[in-house]
Amino acid sequence: MAGHATVPPRWSRVIVTRPAGEAGAWVTALQAQGWEAHSLPLIDIGAPRDPQVLAWLRDAQAHWSRWDAFMFVSTAAVQHFFEGVVPDGGARRACTRFWAPGPGTARTLSVALQRLGLGPDRIDQPPADAPQFDSEHLWPVVSPQARPGARLLVVRGVSTSVDGALVGGAEGSGREWLMEQCRARGAVVESCAAYERHAPRWTPSDRALAEQDALWLFSSSEAVTHLRTAMPAADWSRAGALCTHERIAAAARASGFVHVFTSRPSLPDVLVALESVRSPT
């Protein structure tokens, strides 16, 4: 696990910044390990509100079997996409593959595919012993599928302001890199937004929690950005940041966090990393 050269404070409080729909299970798991864990989502997630984005999503949901492969960038992408997919007679005959950057997304995909009568053998993901769960470690697994003319649909989110205005479409440089690799092989790559991300509206109690010294658990660079925007004058020198990718760690350092650590994104790996932070050796 990577960290700063100085000896970090010994935190007992952990702030889980994952979206509200995912944070509960993480908070429960951390509390079971003796942590004072709190949920403070830094990204709100909802259905697309832009009519054109929504129309393209509905078309993809209705005719998904025309693609050779899907890549789902997150658990939220799986959940929101399959909310609008119903079983049909051609689904089982389709040869479509489903790509997941990590085990959490793969597990959610397995449940979604089961409702369509499809098995987990359709899912491609990085090896369980991969040093990181991301697009770069997914690529060696799926690269043989990136043939000339193969059709890939990347299902992702889109960043918006609270009022619904688009403020950015990218979600992770690793995903962009993988899309470029596929195009370089001659594959036809498209994308659709299955959900929107925007900064949450904080209550006074949320802000009071954010002002306390704690170890922040970040699973998104965008979450770090939202925290910096919400608290531009904050001093993070006594706080910690446990990040599930080096790109997120870089964003945390740029925001002023001094004590920055990394872990693979799965919950068991994060729990191990937290124990190392609590009892440094």
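A helix-only calculation puts the chain at -11000 deg cm²/dmol for mean residue ellipticity at 222 nm, using -39500 (n - 2.57) for each DSSP H run of at least four residues, averaged over all residues. Distances between placed amide hydrogens fall under 5 Å for residue 216 paired with 15, 240, 241, 242, all partners being 5 or more residues away or on another chain. Compared with the dominant Cα axis of the chain, that is its longest principal axis, helix 20-32 is turned about 50°. Between the Cα long axis of helix 173-184 and the first principal axis of the chain there is an angle of about 20°, rounded to the nearest 10.
Across region 115-269, Cα-Cα pairs more than 25 Å apart make up 44 percent of the total. Within the chain, the proportion of Cα pairs with more than 26 Å between them is 45 percent.
Mean sequence separation of contacting Cα pairs (under 8 Å, at least six apart), scaled by the length of the chain, corresponds to a relative contact order of 23 percent.
For the pair residue 95 and residue 147 in one chain, pulling the backbone fully straight at 0.36 nm per residue adds 17.3 nm over the alpha carbon distance.
Between residue 71 and 99, 153, 154, 155, the built amide H atoms are under 5 Å apart, and every one of these is 5 or more places off in sequence or on another chain.
When the label point is put 7 Å from the Cα of residue 13 along its Cα-to-beta-carbon vector, which residues of region 231-261 have a backbone N closer than 13 Å? Of the residues in region 231-261, 238-240 have backbone N under 13 Å from the label point off residue 13. Candidates 234, 260, 273 compared by Cα position along the dipole of region 192-275: farthest toward the positive end lies 234, with charges placed on Cβ. Between the helical axis of 221-230 and the longest alpha-carbon principal axis of the chain there is an angle of about 50 degrees. Extension gain, residue 278-residue 228: 0.36 nm per intervening residue step, less the Cα-Cα distance, totals 15.5 nm. A simple spin-label model places pseudo-atoms 7 Å from Cα toward Cβ; at residue 203 and residue 246 they are separated by 4.0 nm. Shown for the chain: the carbon plus sulfur share of the solvent-accessible area, taken with all protein chains present and a 1.4 angstrom probe, equals 54%.
Working from the Cα coordinates of region 20-104, the gyration tensor eigenvalues give, after taking √(5λ), semi-axes of 32, 17, 10 Å in decreasing order.
The values are calculated or read from the model by the stated rules, or taken from the named source; none is laboratory data. Predicted model only: the values in this text are computed from it and were never measured. Neighbour counts run over all protein chains shown; Cβ positions are idealised from the backbone, glycine included. Only protein heavy atoms, including side chains, enter the accessible area calculation; ligands, DNA and RNA are left aside. Shrake-Rupley method; radii C 1.70, N 1.55, O 1.52, S 1.80 Å.
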